[in-house]
Each structure stands twice: as structure tokens, then as C-alpha cells.
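In what follows, a single structure is set out as C-alpha cells and then discussed.
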Amino acid sequence: MAVIGEYDVIVVGAGHAGCEAAWASSRMGYETLLVTIHLETIAQMSCNPAVGGLAKGHLVREIDALGGLMGRITDETGIQFRLLNSTRGAAVQAPRAQCDKAKYRLMMKHWLENTPHLTIFQAIVTEIMVRDGKVKGIRTLDGSEFIGRAVILTPGTFLNGLIHIGLQSYPAGRANEPPSLELSQCLRRLGLKIIRLKTGTPMRLDRHTIDWSYFTPQPGDEEPVPFSFWTKKKLENKIVCYLGYTNEKTHEIIRRNLDKSPLYSGKIKGIGPRYCPSIEDKVVKFPHHNRHQFFLEPEGIDTAEIYVNGLSSSLPLEVQMEILKSIPGLDQAKILRPAYGIEYDAVLPTQLKPNLEVLEIENLFLAGQINGTSGYEEAAAQGLMAGINACLKLRGEPPFILRRDQAYIGVLIDDLISRGVEEPYRLFTSRAEYRLNLRIDNADQRLTPYGYKLGLISEDDYRLFLEKKERLQRAMVFLESQKISIPESGILTLKNYLKMPKVFFNDVIKYAAQLKELSPEERRFLEAEIKYEGYLKKQQREIEELSKVDEVRIPPNFNFQEVPGLTREAIEKLAKFNPSTLGEAKRIPGITPAAIINLLVYFKKKKPESNKKDHLDVSRET
Amino acid sequence: MNREIDLASTIVAIATPPGVGALGIIRISGPAALEIASKIFQGKHELSPWHLVQGNLFDFESGEFFDEATAVYFPASRSYTREDMVELICHGSPVILEEVVRLALKAGARMAHPGEFTLRAYLNGRIDLLQAEAVNDLIRATSLRQARLSFYQLNGRLSRKIDGLRESLIYILSQIEAAIEFPDEGILLDKEQIRKKIKEVIGELDKLIESHNLGEAMMRGVTLALVGRANVGKSTLFNALLEKDRAIVSPFPGTTRDYLEEKIKIDDLIFNLVDMAGLGKPDHPVEEEGIRRGRQLASQAEGLLIILDNSQPLCDADLEILSLARDKKAIFVLNKIDLPAQIEREKLNALAGGSKLIEVSALFRLNLDKLKRSIAEVFSPALNKNYENVIFHWREKAALERTKEALTQVLEKQNGGYSDEIIAEELRLAADTLGQLTGEIKSEEIINAIFSEFCIGK
């Protein structure tokens, strides 16, 4: 076997996880190889043409604040922008953009091609080489070997992928693209526990064959909110999406053809996501609904393809056509690509450390759908963290781990490794205990100092961040000191005025014209910090209380048999996961409160050995 | 008490009360329970799960036997503490029981702290906090009715009630969360429906909070002060209600100088009666101090028995005392009805206002049953309510009140036009607080609730 090259980091797969991982590691100065089956499908949006949404938009902001790419490229290639929940409070507002899929791909490829220390290579990876529990590199289909000190695996739905259309099925990673069969076998051989998941995608229609007059236009925002903190150009809406509904006739067709559904005939064994059900799922599970909504979303400017958001299905093509016939406006529509369901292998993520490294295999990192998640944003967030942590590992530095109260990224990874998944995992804002602090308007305040320290944020970008921070501090001092007189409330500070319900930043500006210089983004930040102040303070106290227990340290390679009272099962689990703090021990699946109490009593008796910090030392300033 | 929790050692304790009994029970719990018990107990058969084994108690130091006994081994999977446990049943002499404990300690066990067996059952996840509290209440039950209520609580009735209320809150929360998470799905929040549901939960909380009145009366007792002028017969009435000569009585005013406190039981309720010096002009510095303390006690008591002398006309001192009823629940007791009436009944009725007036003769024990019934009715109005669950502890009551407060905030914030995520925050707080009574809330629950209710997806 020929050794073709040697790298610090090898990233397998160039989807949303792989791209961020490769970007982070090369940006941190490590020689990186990014291997993909097809150069043409780098950063392919396999399903819907949108980035963002609730919790997902939050993730993109966090990726951006740390120096990742997804936000910038979405702003560059977005063709319609909306801020969701704009009538609700700041914590649950999130941006979403329709992207030009082809442009997104090309832009990402272009960006990576011009990144120093990064090599892109087209090949099918068939094996992860491991010796003595440590990763050595990869082998490709033609027998070539690449030596890598760390390997990040991001194969998406390609692991043992099986596409279903009706009762027909064929192996594929994405429609008509070859799956990774050998890689899945290889992971099993390495002793990883594999689970089977399912997802699906709707049909794409030819826009010339749709009668648009039947549907309700859903335009973008008049003043689009960008994803990236560093996007300064004005964003433009170039397309309009449309809203439509199914009807009783549609449902009748679906019910009549359920026997041809691989899902209902029992052919699909993988578990699908509840939040993203196929149309047949919706019809069966909600029989009392006489219609279901769907959106018609253009996949780009230079293409006629229309994505039918809401009609995901794995019914046979002829039934898909019949469904369209039952919907006025789509009755003449031509399918360009059929809807399909796909089953794929994933690794049970409880086998990972918080830095996304496989417990049993040193320097092998997993990110994205392989860890049981769904969604571009969830994948990208993990990819970025895996890339960062692979480099920190090679550097011999402590891992970069975000806590649940610091970032949605922390919530996402903590959920995965401590609870595992039963269905494809999607992030929700309600998964966060400290939602009011995890906002899009303060993602940079929360995370950019880390990104800078890691080497992912350029000096120029960081200077802009510091200027903004100072501007915000000045404005806050002003709001706290400036007093006004309001007819019913008397004299009060602008801050207390803004605290009142139904008073917004624009009302404050009436009294203080100099605040006009603040960007909408900055106004949102100040408004949120003031409106949520009481809650944020309370949460801060709670976090400090909890972290006292969580931060009790466990020495590396500690022998848990020394702790009296632990059950054999607990000792085995603790030895396997080797937690470095009590907080981590708490999150190990199957560790009982009783075991934690035993550990707490044991370590409290001992003197704290040193004050060496395990995480990056950046203070939390907001 | 700040004791370190330790689940590693094996603990031992005598389970039966001190003193001589026909039988006595020793419990051993922990990883070495079987090993330790086997040293002290030599059975006719080997100890096996859930089998009663006959045998003898053995002093492994001197090599001598000292009693016959039976033993039961409960393996960890299904024992009271969810640890390995052995119960030794022997003759009830304190000497024998203490010897068994001494030997168990010698064999490596540790003396159990009070309540430690139940604490372990809780920490090992066999029972929740409410159930753990019920164990103690059951042990200390002062009436069959309280025992029954505590038994139901131990059985999980209150836990299920609390869980049910929490589920209602999580259901409401899931509706709000669904609207937040899926803004494009056209989910409309029915604010009126949400308010109605929250008010329902508040109603249930109110019932539980109110039941604490009864719980308190059953467990700790309601404190009632006997107030009145000197020589109206407070101490005589005190003795009559206690049915024993507790306080010294004499025909001379000012006999009682200090105060006395005693419990009486009426039905299933406990009342702490406080007898004190007559409120009026003192004749002696000691009496003066007694009066000062008496006034203080009267102000702290939960209720008053205001005692008047039927054989004397109402005087200014009486009127001053009557005015105490303005701030507190009170019963007017007209004593000495065996003597000719000197009091103007019409005036008295007017002064009594809404308070009950009971005529008694403490000396001849007339109408005392009527007085007792009135005491139960007036000072524990919850007595006759047929509560499904009764709250016995301040901790529980406080958590229920905090939950109610958070829910009231939800209603207020909703009215005040606050945004949905704030409402959700308050609702979460309410559900969390309620969860503290039994366990913890997990956001996974809310997500599950969302998907069982809504049809959402691409």
C-alpha cells in the first residue's frame, strides 16, 4: 500500500460538518486534508434550501462568533431573509435565510480552496486505520493511505445509506450518490455501537409547471438581519416563497396507498425524527386535521427547482404524482426529483467525550449526522468544535468545551454525549435551561473572545468586536444614568423606562437621539439585556450554585475503586468515561445521584490539588 | 445538622422502642449486611432472600450463644433501603438488643443516624422526598386519621397528585413552546384557555395549601391562649379541658402568675392550651411580669378563648380584653353559669359580634363537650373537609405557595402584555418548584409533550 501523504488532521466528508472542521483546523495552523467523494458536492444542502430558524439560527450565530464559516456564506448566498418570531422577545428571535444552493456550494468550495494549510482531495474512504487504540490515518478505495495524527469523521447520511421510494430501495448516500459501506463496517469492527436512523426529503418541482396564483406569497423582511456579525453589506431579498395546503382528497390518496409506504409496511427499520415527519406520518398521526400546510421554496436563482417544504415522503413516485394532482395549483406540476426516505447508520453518541473524540479510540473525532443529529446547523456546530478540539489535542492543550449555560453548542453536545439519541436529534430553544441568555444578539459577546484566543478570528474582526463592545457599554451607562419624565410614571431612568412592557428601543430613541448611531443589532442587545435583567441575574446565581458541585475535580486516570460505596456498574462506567469533573460524571448515562454523592463526599474530604484551570481562560463578560 | 452523607458503610440500629418488650428487632443495611448478620446469627438454614430463618444469636468473641432469634434477608433489589438488609428478631430485652448492636459494630457496621434507613431509601431512588417525609409522619402519627393520610402519602398519592399538576403545567408550557419553536406552522395560542388551565392548577394548589391548616392541627397542634381578667376561672377551665388538676386554682385573684402549656386532643386534632395570669391591674411585680408575658403569648397564639365571669358585671378590663378578638379568631366563654347572672346578655352578644359565645361552668363541667366541639370547628375549619391529600409540612406548603406565586406571575405577565418566552420562563419556574417536591423537571418532557400534541415538520 502506498502512503500518499501525511497530515496533522484528516477530515473525511465535506458536508457542513466537514467544511467547518477543515476550516478550523487549517486556520489553527495544522496541515489538514479534506477528503470528499465528489468535489462538486462540497457543502451540498441535501435537503431544504434554508439555513437558520429557531435554535438553528442561534447555532449559526454562535458558529460565526467563534470564527466559523456558515454565517458568512449564508449572508453571501442568501436570496431571502427573515427574522422569525420578530413579534416575540429577543431570546426567541432567530434569522432564517433561503439560500441559492449552487452558490452556497461554490462559495464554500472557493473559500476552502483558498485557505492555507488545507488540501482538498476527491476519494472514497474505506477504512480508518487504528493501532493500539490510537488513530493512524485513512485508506481509500484504491488502496492509497494517508497518515493523519487526528481524523475527523463527518460522513452524513452516507454510512450504509439506503434510499427508499415506495417499496423499492437502493444503497446510496444521497440520491444517486454511492454510500459508504466499507466505512460503516470498519466502525463496527472498531467496536462502536451503531444505530439506524431514518430521514427524508420532499420532491423538487419544475417552477414553470406550478400555477402560482393558488398560493399565498411569503416575502422576506424589509430590513434583512444578517447571520454574520461581520457582514456589513445590505442584504437583498431576491425571491418569494409561497404557502399552500393539502386537502381531504390528498389525505385520502395517502391513506389508500399506505401499504406502499416503506414506513408503514415495516420495510424501514430506522427511526425517523418526530419534528420532521413525512406527509404520510402527518396524515396518520393527526387524522382530525383536514389540511396540512406546505411551502414552495426556490432552490436558487438560476434553477427551476422548487423544494416543497412539508411534503417529505417515501411513497412511490406514482403516488407522489397523484398527491400533486389533488392540490389545485400543483395539479400540472412536474416532478424533477422524487421525494425519498433514507436510512443510514449513526454512532451512538454516548461513546464520545465532550470534545467529540471517540472514548475508545484516541484522536478519532466524530461530527454531524454520524452522531445522530439532523440539520445543517447542528452538523456545522459539531464540525467546528471537532476541528478545534482535534487541534487542541495535538497541541496537548485542554479541550474547548462550552457549558449549557454558555452556548447552544454546549447544550447540543452535552445532550448528545450524556443522553444519546433515539431519533435524529434537532436542537430547540426549549432544550436550553438558560434560554434568555443564549441569544443571537449576544452570541459574539459570549463567544468571540474564545474564537480570538483559539486563532479563528482575525485581528481586524476582533478589533471591530472590541469597538462594538465598548459602544454597548457606553450606551448602557447612558441608559442607566439618563432620566426622563413620563406622564404616568414620573421621573425614571431610560433603562427603567425600557424595562416596561410594550416599550421598545425605538420609544427610547425619541428621548435620546444620540442612540440612533447604534445598529439594529446593538439596539436588540441592549433592549434584551435590560428587559431580561431580573431573569438573567437570577439565572447567573443559579449557575454559580450549580457549578460549585460541577467543578469539583477528579484527577486524571483516577482509580474509582478507591471511592467507597460505588457499585461495580458505576465504577465500570466512570473508568470508561474518565470524567475530569463531577459535572462530567453527572452526565454519564446511568450514573445515579447516589454515586455522585459518594464521589462528592470522597473528593470534598481531599484537599484540592491545584487551581489549574481546564478550560480556556476567557472571562465571561457581557 | 450538617452531617456528611455516606452510603458506603453498613449501618445498624434497634428498630423497636426502648424498654422491655416481648420481641425486639435489629436492622442492618448496607453492602456488608449479610456478612455481618451471618457472624452474629447462626441459623438452621443459610439466610436466603425473603425467607424467615430460625436460629440462635452468637457472640463470636466469646463463642457463646445468648438468645434464640429469627432472621430475614432482603437483597438490595427489593429491600426498604434498596441495599442488602437483614432484620434480626429476638427477645425484647434491652440487654440482648444492645449486645447484638455491639457485635454488629464489632463486625464492621456503623451506628445508624436517626432516619438514615429512610434517607438511604430516598437517595437510592426507591421513594421520593414526599414519601420519605411520610415515613416519619407515620412513625409519629398521633391519630389514626393522620396515620391513614400519611400512609396514603407514603403510597404515593400526594406524589401522584403533584406529578399530575406538574404535567398540566408542562402541557401548557408545551403549547407555548410549540408556538415559539415553530412560528411558521400557524399555531395560535388560545390565551383564554391557557389562563383557564392555570387557574385550575392554582385552585388545586389552594386546596393543598389550605389543607395544611388541618395537617398542622393534626401534627403540631393549634395554640390557643386562655385570656380574661383575674379570677374569671381560666385555670379551672384549663384543668377541666385537660381533665386533670394541672394548674393551681384558688378563690383568690392572681393565683396564676406564670403561664402553663398543655396539649389536648379533640377528635384527631391537637390544641396547645396556654393558661396565664389574668390580664388586669397587677398586685405584685411577679404578677406584672406574668401579665406582660401573657399579653405576648396571646399575641402569638393562633386563637383565643376569651373568658368572662357570668357572676360579675362587665367592667372596663373585660372590654379591653374583648377587643383582642378583633385581630384573632376567638371564642367567648361565659364561665360560672352555675351562679346568678350579673352580666347583660344583650350587650355581651353585641360585643361578641361574629364570634361564638359558649356558656359553661368549668367548676361543674357543664357544656364542656359543646365548648370542645366549637374549638375544633372555629380553630380548624378544615376539620370537616374531606381532603384527599393533607399537607403536613412547612417545606411542602412553602413549595406549593412558591408555585402559586409563580403561576400568579404568569397570569399577571400575560395580562401585562409580556412576550411568550417570559411567560414560558415563569411557567418553567412554577413547574420546577413543584418538581422540587418530588424530583426534577427535564426539558425532554416538554419536547415530548410538544410532539404528542402538534403536527409539525417539513
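The values are calculated or read from the model by the stated rules, or taken from the named source; none is laboratory data. Computed from a predicted structure; not experimentally measured. Neighbour counts are summed over all protein chains in view; Cβ atoms, including those assigned to glycine, are modelled from backbone coordinates with ideal geometry. Remember, those area values only see protein heavy atoms, side chains included, never the ligands or the DNA or RNA. Shrake-Rupley method; radii C 1.70, N 1.55, O 1.52, S 1.80 Å.
Taking every residue in B:422-431, how many Cβ atoms of other protein chains lie within 10 Å of its Cβ, on average?
The shielding value for this peptide is 3.
With all protein chains present and a 1.4 Å probe, how do A:LYS586, A:LYS510 order by accessible area, largest first?
The ordering from most to least exposed comes out as A:LYS510, A:LYS586.
If you roll a 1.4 Å probe over the heavy atoms of the protein chains, what accessible area per residue do you get for region B:11-128, in Å²?
Per residue, region B:11-128 has 49 Å² of solvent-accessible surface.
Taking square-rooted eigenvalues a ≥ b ≥ c of the alpha carbon gyration tensor, is chain B rounded, prolate or oblate, where a/c under 1.5 means rounded and, failing that, a/b exceeding b/c means prolate?
Taking the square roots of the gyration eigenvalues as a ≥ b ≥ c, chain B is oblate.
From other protein chains only, count the Cβ atoms within 10 Å of every residue's Cβ in A:89-96, then give the mean.
4
Quick check: the distance between the Cα centres of region A:198-228 and region B:399-433, to the nearest angstrom?
Answer, in whole Å: 37.
Give a quick list of GluC sites (Glu not before Pro) in region B:18-89 that DSSP marks as loop, anything other than H, G, I, E or B, with at most 16 other Cβ atoms within 10 Å.
B:GLU46, B:GLU61
Less than 19 Å from a label point 7 Å out along the Cα-to-Cβ axis of B:ASP245: which backbone N atoms in region B:351-377 qualify, by residue?
Answer for region B:351-377: B:362-366.
I'd like the mean, over residues of A:43-54, of how many other protein chain beta carbons sit within 10 Å of each residue's own Cβ.
Across the residues of A:43-54, the mean count of other-chain Cβ atoms within 10 Å is 1.
Just to be sure I understand the interface: list residues from region B:7-44 that lose 20 Å² or more of accessible area between the chain on its own and the complete protein assembly, 1.4 Å probe.
B:LEU7, B:ALA8
Where the centre of each part is set by its Cα atoms, how far does region B:159-230 sit from region B:64-85, in angstrom?
Going from one Cα centre to the other spans 43 Å.
Which order do A:LEU258, B:LEU208 take by accessible area at a 1.4 Å probe, largest first?
A:LEU258, B:LEU208
Given the rule -39500 (n - 2.57) for each run of at least 4 DSSP H residues, summed and divided by the residues of chain B, what is its mean residue ellipticity at 222 nm, to the nearest 500 deg cm²/dmol?
Computed ellipticity for chain B at 222 nm equals -14500 deg cm²/dmol.
Just tell me, in residue order, which DSSP H segments of chain A are both 20 angstrom or longer along the helix axis (alpha-carbon based) and at least 0.5 in mean Kyte-Doolittle hydropathy.
Span-like helices here: none at all.
Just to be sure I understand: if you take the accessible area of chain A alone plus chain B alone and subtract the pair, with a 1.4 Å probe, what total do you get in Å², rounded to 100?
That pair hides around 3800 Å² of surface in total.
Exceeding 25 Å between C-alpha atoms, which entries from my cross-link table qualify? They are A:LYS537/A:LYS604; A:LYS232/A:LYS538; B:LYS161/B:LYS397.
A:LYS537/A:LYS604; A:LYS232/A:LYS538
Scan region B:152-252 for trypsin sites (Lys or Arg not before Pro) in coil per DSSP, keeping those whose Cβ has at most 16 other Cβ atoms within 10 Å, and list them by number.
Within region B:152-252, the qualifying trypsin sites (Lys or Arg not before Pro) (loop, at most 16 other Cβ atoms within 10 Å) are B:ARG220, B:LYS244, B:ARG246.
At 1.4 Å probe size, with every protein chain present, just tell me what the per residue accessible area of region B:142-211 comes to in Å².
44 Å²
Let me make sure I get this right: for region A:254-352, a, b and c are the square roots of the gyration tensor eigenvalues over alpha carbons, sorted descending. Under 1.5 in a/c it's rounded, otherwise prolate if a/b > b/c, else oblate. Which is it?
oblate
To the nearest 10 square angstrom, what accessible area does B:PHE252 show with a 1.4 Å probe?
140 Å²
Quick one: net charge around B:ALA15, please, counting Lys, Arg +1 and Asp, Glu -1 for every other residue with C-beta under 13 Å from its C-beta.
Computed value for this residue: -1.
How much of the accessible area of the protein assembly as shown, in percent, comes from carbon and sulfur atoms when a 1.4 Å probe is used?
The C+S portion of the solvent-accessible surface of the protein assembly as shown is 51 percent.
Once the Cβ-Cβ distance between A:ASP132 and A:GLN561 is put in as r, and R0 is 22 Å, what FRET efficiency do you end up with, to the nearest 0.05?
E between A:ASP132 and A:GLN561, to the nearest 0.05, is 0.35.
Kindly identify region B:220-379 as rounded, prolate or oblate by the Cα gyration tensor criterion: order the square roots of the eigenvalues as a ≥ b ≥ c, call it rounded if a/c is under 1.5, otherwise compare a/b with b/c, prolate if a/b is larger, else oblate.
rounded
With a 1.4 Å probe and every protein chain left in place, work out the accessible area per residue of region B:220-379 in Å², rounded to a whole number.
50 Å²
What residues does region B:165-192 have that are buried by at least 10 Å² of accessible area in the full protein assembly compared to the chain on its own, 1.4 angstrom probe?
With the partner chains in place, region B:165-192 has these residues losing at least 10 Å²: B:GLU177, B:ALA179, B:ILE180, B:GLU181, B:PHE182, B:PRO183, B:ASP184, B:GLU185.
Could you sort the residues of region A:403-432 by number and keep only those whose accessible area is reduced by 40 Å² or more in the all-protein-chain setting relative to the chain alone, 1.4 Å probe?
A:ARG419, A:PHE428, A:SER430, A:ARG431
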